[in-house]
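The values are calculated or read from the model by the stated rules, or taken from the named source; none is laboratory data. Please read these numbers as outputs of a predicted model, since none were measured by experiment. Here Cβ is always computed from backbone atoms with ideal geometry, including for glycine, and neighbour counts include all displayed protein chains. Accessible surface areas use protein heavy atoms only, side chains included; no ligands, DNA or RNA. Shrake-Rupley method; radii C 1.70, N 1.55, O 1.52, S 1.80 Å.
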Amino acid sequence: MAARIGKRLGFKRFGFALAVAVALSPSVSRQALAEDDKAAARPQQPQLPVSAEQALYLIRSTLLTLNDANRSGNYSVLRDLAAPEFQAKNTAADLALGFTDLRRRNFDLFSVALAAPQLSTPPYLDPNKMLRLTGFFPTRPLQINFDLTFQNVGNQWRPFGISVATPQAPAETAVAPAPAPAKKSAAQKN
């Protein structure tokens, strides 16, 4: 008899738990559906191919490596860090020729280590699955414009295309001071 009571109690407990679960499931389902509706209503942020920190690292490291190559005249490290297709198309001598103007002018790209870049567009993958980072460093008197392309090789973004220009920085727009309150003349006194 004790065994029958134990079995019946166990069965009853299971039946009670099942009844509670069934009773709770509609409210849980309604709550889950409401949360799903809220999530669907929120505007979705587009998934960026890299984080802001990764983009900053790629921009700075590439331009600082270019700066070292310009200062030393040795472009082999820049070439060796690039994507294999870039290496196949460019010798160190080709890179030296391509960046002759920056080197001839002794243009120092060191300011990219300290300044914050302004991206013209968010990081994106082009149709060839290349990462594009385009923007500028608001340096003065010359601004540093960049257009960098990276190829994913072995789960690492490696330089595939490097374009740097140094146009004159745009004139700063001066903010006009707020007009001073009008002075009352003796005839206007209350």
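Some points to look at:
- Within the stretch 146-158, the residues that satisfy the criterion of being over 15 Å from Ala116 (Cβ atoms) and either assigned to a strand (DSSP E or B) or touching a helix residue (DSSP H, G or I) at 6+ places or on another chain (Cβ under 6 Å) (or both) are Asp147, Leu148, Thr149, Phe150, Gln151, Asn152, Val153, Gln156, Trp157, Arg158.
- On the stretch given as the stretch 137-158, residues that are open to solvent by 60 Å² or more (accessible area, probe 1.4 Å) and either without any contact (Cβ under 8 Å) to a residue 12 or more places away in the chain or more than 14 Å from the chain's Cα centre (by Cα) (or both) total 7.
- Scanning the stretch 94-110 for residues that are closer than 12 Å to Gly73 by Cβ, open to solvent by 70 Å² or more (accessible area, probe 1.4 Å) and not charged (D, E, K, R) yields Leu97, Asn106.
- Residue in the stretch 88-100 that is at pLDDT below 85, among the aliphatic types (A, V, I, L, M) and farther than 28 Å from Asn155 by Cβ present: no
- Helices (runs of 4 or more DSSP H) wholly inside the stretch 72-129 containing at least 1 residues that are under 25 Å from the mean Cα position of the chain (by Cα): 76-81, 84-89
- The one condition from (1) surrounded by 10 or more Cβ atoms within 10 Å (Cβ to Cβ); (2) modelled with pLDDT under 95; (3) in a helix (DSSP H, G or I) that Lys38 does not meet is (1).
- Qualifying residue in the stretch 66-81 (condition: open to solvent by less than 70 Å² (accessible area, probe 1.4 Å), in contact (Cβ under 8 Å) with a residue 40 or more places away in the chain and closer than 15 Å to Phe150 by Cβ): yes
- Within the stretch 107-121, residues that are among the β-branched types (Val, Ile, Thr) reach partners that are assigned to a loop (DSSP other than H, G, I, E, B) with beta carbons closer than 9 Å, at six or more positions or on different chains, in the pairs Val112/Thr139.
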